[in-house]
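Following: one structure in structure tokens, then a few remarks.
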Ligand SMILES: [Zn+2]
């Protein structure tokens, strides 16, 4: 395979990102956005001259509803295999995931209210995945020089795609217009910071976050210092 042919296309699907790895008949979609924006995917396939069956794999960075919203129709349209982390396979199968804990006063309140008012708020629609990542998953079998790595913290089964120095992170990083990089909802903030440290040590340079525009790692490193003082 020729790595220079690989294109990374980040698109907003509702308020979440979906990333298309354009790689001919071995293309991959990472996350499926918020439900109700299915036409986005069809438009995008046309734009890059891809047939639905050129999508061979759908990777879920985690199973929150805003990343799994179009999973079922997309899996049906493409016939792609669906890969989830082993820690969230059951959540996806049962269509339930616990509401993450908010990290600020406001998000803590939302989280608490959510638990009471609508316990399935953050849940995906039930789906049985075909492939499981236990820790690392090599993408070479899809002709891509890269791998899926476990990046727990936002959720227990959060995972990211690493392509050289580029990380497609799901909600391990976000990049909101108000400057927030550290996700305001995280099941285990301390673990998330440890994951960040590990990723910095690996030398990542550019991040495609779960929400917002791509960012350089330096911006996340500044935020890391602020949260480290608060949490560790
Ligand atoms: Zn999430």
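Remark: spin-label model distance residue 53-residue 228 equals 5.2 nm, labels positioned 7 Å along the Cα→Cβ axis.
Apply 1/(1 + (r/R0)^6) to the Cβ-Cβ distance of residue 147 and residue 39, taking R0 = 30 Å, and write down the FRET efficiency to the nearest 0.05. Walk me through the numbers before you get to the answer.
Working: r = 31 Å, r/R0 = 1.04.
Plugging the Cβ-Cβ distance into 1/(1 + (r/R0)^6) gives 0.45.
Extending 7 Å from Cα along the Cβ direction at residue 176 and again at residue 213 yields two label points whose distance is 1.8 nm. When the helices of the chain are scored as -39500 (n - 2.57) per DSSP H run of n ≥ 4 and the total is divided over every residue, the value at 222 nm lands at -9000 deg cm²/dmol.
The label-point distance for residue 130 and residue 94, in a model that sets each label 7 Å from Cα toward Cβ, rounds to 2.6 nm.
Each value in this text was obtained by applying a stated rule to the coordinates, not by laboratory testing. Note that the coordinates shown come from a computational prediction; the quantities given were computed from them, not determined experimentally. We place every Cβ from the backbone using ideal geometry, glycine too, and count neighbours over all the protein chains shown.
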